[in-house]
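S.K.: Below is one structure. I have some questions about it.
Quick note: the coordinates plus some simple rules give every number you see, no bench work behind them. The shown structure was predicted, so the numbers you read here are calculated from the model rather than taken from an experiment. Cβ placement follows ideal geometry from the backbone for every residue including glycine, while neighbour counts extend to all protein chains displayed.
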Amino acid sequence: MLNRRSFARLAGAAALAMSVAMPAFAEPVVIKFSHVVAPDTPKGKGAEKFKELAEQYTNGAVKVEVYPNSQLYKDKEEMEALQLGAVQMLAPSLAKFGPLGVQQFELFDLPFLMSGYDDLRKITDGDIGKDLFALLEDKGIKGLAYWDNAFKIMSANSPLHTPDDFLGLKMRIQSSKILEAQMQALGAVPQVMAFSEVYQALQTGVVDGTENPPSNMYTQKMHEVQKHATMSNHGYLGYAVIVNKTFWDGLDPAVREQLDKAMAEATVYANSIAKDENDTALAAMKAAGKTEFHELTAEERAEWATALQPVQDQMSGRIGADLLTQVNAALGN
Ligand code: LMR
């Protein structure tokens with residue numbers, strides 16, 4: 001005998017099966033979702049949530065395979081793999097779109113541009129966020145969502161209180177010209193490096209320091225090889241979830257509708273856990289006791305701001321003066 005609840009469940013499954021009809025014995029459509037961070041991070045958990053919902057909503061017509069920790073591809077290779085269709089979905093950091101020729105995404109790297117997540121939403125949830133995604137279409141890529149990680153901290157083996165402390169330090173950065181200008185403005189020597197290589201580079205002294213949100217620093221064990229970290233929150237690190245456009249456009253519309261729904265819900269989830277995940281990672285690093293964490297005094301913060309202030313003007317040509325004006329208007333600057 002079916003009780004009310006199991007009847008409702010069966011009826012729901014039947015309705016779904018009708019909306020996403022899967023011929024008997026048909027092979028599921030496979031979405032390979034490759035990323036470079038640990039599973040236990042906001043992005044890693046967001047990817048797993050998307051997998052769970054996508055498979056559930058399509059009644060098994062779609063199978064999502066998540067490959068974390070640069071298992072399949074490193075930063076630069078994963079973009080190429082997406083364009084070639086070797087993987088279908090990625091969530092690269094917004095700082096990694098320059099090599100693709102869509103350097104406008106680097107606006108998110110401008111130091112001290114946004115004072116928090118509210119500011120960020122004014123960009124990602126508005127016209128600017130949509131316009132940035134439109135720029136990807138020419139590259140054979142479609143943007144689906146913006147996912148948060150957090151605001152970044154700076155780390156090194158020496159304390160970083162004022163810009164003078166950066167003088168001559170080799171600092172690993174993501175592949176963004178804005179981040180390059182930021183490190184140079186602080187007096188450091190920027191070095192672009194794939195995320196998967198950072199821990200070893202810090203451990204062996206190939207670089208002296210880096211910047212990342214706490215969740216990345218902790219899950220890559222960078223705190224074990226960095227004696228100092230400064231809670232500067234000087235810039236944002238987040239992601240664009242992107243897909244191969246030919247693949248996405250070629251999906252059965254009923255399937256795509258369910259995947260859009262799964263992505264919308266996974267986005268709400270990923271963005272709702274990002275802050276807590278980072279707070280937990282920071283607490284764990286403090287408890288591990290290997291890194292000394294510094295807060296900036298008001299005077300020190302003002303020194304950072306003064307040193308970094310020219311970056312926006314210097315990089316206006318790269319982002320586009322009009323886009324920069326639009327960004328500042330959206331932020332009320
Ligand atoms: C980095 O390279 O530092 C980050 O983009 C890694 C990531 O995906 O969070």
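S.K.: Using θ = phi - 60° and the Karplus curve 6.51 cos²θ - 1.76 cosθ + 1.60, what whole-Hz ³J(HN,Hα) does each residue of the stretch 221-227 get, with Gly and Pro shown as x?
M.R.: Per residue, the Karplus-derived 3J(HN,Hα) values read 6, 5, 5, 6, 10, 9, 7 Hz.
S.K.: Additional query: Quick one: work out the % antiparallel among DSSP beta bridges in the chain, nearest 5.
M.R.: Given both bridge residues lie in the chain, the antiparallel proportion sits at roughly 50 percent.
S.K.: Would you please put 268-277, 236-245 in order of how densely packed they are, using the mean number of other Cβ atoms within 10 angstrom per residue and starting with the highest?
M.R.: The densest-packed peptide leads the list: 236-245, 268-277.
S.K.: By per-residue mean of other Cβ atoms within 10 Å, what is the highest-first order of 209-219, 51-61?
M.R.: Going from most to least packed, we get 209-219, 51-61.
S.K.: With a 10 Å radius around each residue's Cβ, average the other Cβ atoms per peptide and rank 286-294, 70-78, highest first.
M.R.: 70-78, 286-294
S.K.: Under the rule of at least 5 residues apart or a separate chain, name every residue whose amide H is placed under 5 Å from the amide H of residue 31.
M.R.: Distant-sequence amide H within range of residue 31: 63, 64, 65.
S.K.: Cα axis of helix 42-57 to longest principal axis of the chain: angle in degrees, 0 to 90, nearest 10?
M.R.: Approximately 10 degrees, to the nearest ten.
S.K.: What is the distance in Å between the Cα centres of the stretch 239-272 and the stretch 161-213?
M.R.: Their Cα centres are 34 Å away from one another.
S.K.: With a ≥ b ≥ c taken as the square roots of the eigenvalues of the C-alpha gyration tensor of the stretch 236-332, please select rounded if a/c is under 1.5 and otherwise prolate if a/b is larger than b/c or oblate if it is not?
M.R.: Taking the square roots of the gyration eigenvalues as a ≥ b ≥ c, the stretch 236-332 is oblate.
S.K.: Within 10 Å of each residue's Cβ, count the other Cβ atoms and sort 135, 179 from fewest upward.
M.R.: 135, 179
S.K.: Additional query: Placing unit charges on C-beta atoms (Lys and Arg positive, Asp and Glu negative, everything else neutral), compute the dipole magnitude of the chain about its Cα centre in debye, rounded to 20.
M.R.: That gives a dipole near 920 debye.
S.K.: In percent, what relative contact order does the chain have, based on Cα pairs under 8 Å that are 6 or more apart in sequence?
M.R.: 24 percent
S.K.: Next question, about the same structure. Relative contact order, percent, of the stretch 191-306 when contacts are C-alpha pairs under 8 Å separated by at least 6 residues?
M.R.: 43 percent
S.K.: Using a Gaussian network for the chain with springs between C-alpha atoms less than 10 Å apart, which of these wobbles most: 27, 80, 303?
M.R.: With Cα springs under 10 Å in the chain, the top fluctuation among 27, 80, 303 is at 27.
S.K.: A further question on this structure: Check residue 191: other-chain or 5+ apart residues with amide H under 5 Å from its amide H, H built from backbone geometry?
M.R.: 171, 172, 173
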